[in-house]
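Visitor: Let me begin by handing over the structure; questions about it come next.
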Amino acid sequence: MSDEIRSNDDSLGRGHAWHVYPDPATPGVLAGESPFGEDDDAGPGRLPLDPPPGVVAFWALDGRIPALLNHVDGRAYLVLTEKLQPPTVISGWFVEPARLRENFELDQRGDRSARLIRIIQTTQTEWGPVQDCEFQIDRT
C-alpha cells in the first residue's frame, strides 16, 4: 500500500468478521448502547473507547450498507475478533458471521473509517462461513 493513500493516523486491522444486532423483542435491549455489556460508561450514542477482550475492532452500522449482505435494518455492529469464534455479547443480541463484499467501506461521520483491504480466507464453522479480513482503519 502506498504512503500516498494512507494518513498518519491509520492502521491495519485483521480479524474475523461478525455481524451483531439486537433482538427487538427482548425487553430493554434497545436501551443499551453496546452489545458488550451494561457497564459501558461511554455515554449515550458513543462507543466504548477500547474494544472488549478478544475483539480487534468494532463499528456501529448506520443506514443501509449494501456491501454487508446480511445487514439488518436498525442498530447493528460489525465486529472483528482475534479468534475464529463469535464475540461475547449480552442477552438480547444476535451474532452471525458477517457476509462482506470486496468493496466494503464504512465512514462514521468523518472521524473514523474502515475499508476492507482483502478477505484473506473464509472458514466454514458451526456458525456458518466466517471471513478472515484485513481492514485499513483511519482515525482523525
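Every number in this text was worked out from the coordinates using simple rules, so none of it is lab data. Everything numeric in this text was worked out from a predicted model, so none of it was measured. Quick reminder, even Gly has a Cβ in these numbers, built from the backbone with ideal geometry, and neighbours come from all protein chains shown.
Visitor: Within the set of other residues whose C-beta is less than 15 Å from the C-beta of Val72, count the net charge using Lys and Arg as +1 and Asp and Glu as -1.
Guide: On the way: positive: Arg64, Arg75, Arg99; negative: Asp23, Asp62, Asp73, Glu96.
That sum, taken over residues with Cβ under 15 Å, equals -1.
Visitor: Return the distance in nm (one decimal) between the two label points of a simple spin-label model at Ser11 and Phe94, each offset 7 Å from Cα along Cα→Cβ.
Guide: Modelled inter-label distance: 3.2 nm.
Visitor: Among residues other than Ile120 whose Cβ falls under 9 Å from its Cβ, what is the net charge (Lys/Arg +1, Asp/Glu -1)? Before the final figure, lay out each step's value.
Guide: Numbers: positive: Arg14, Arg118; negative: Asp132, Glu134.
Result for the local shell: 0.
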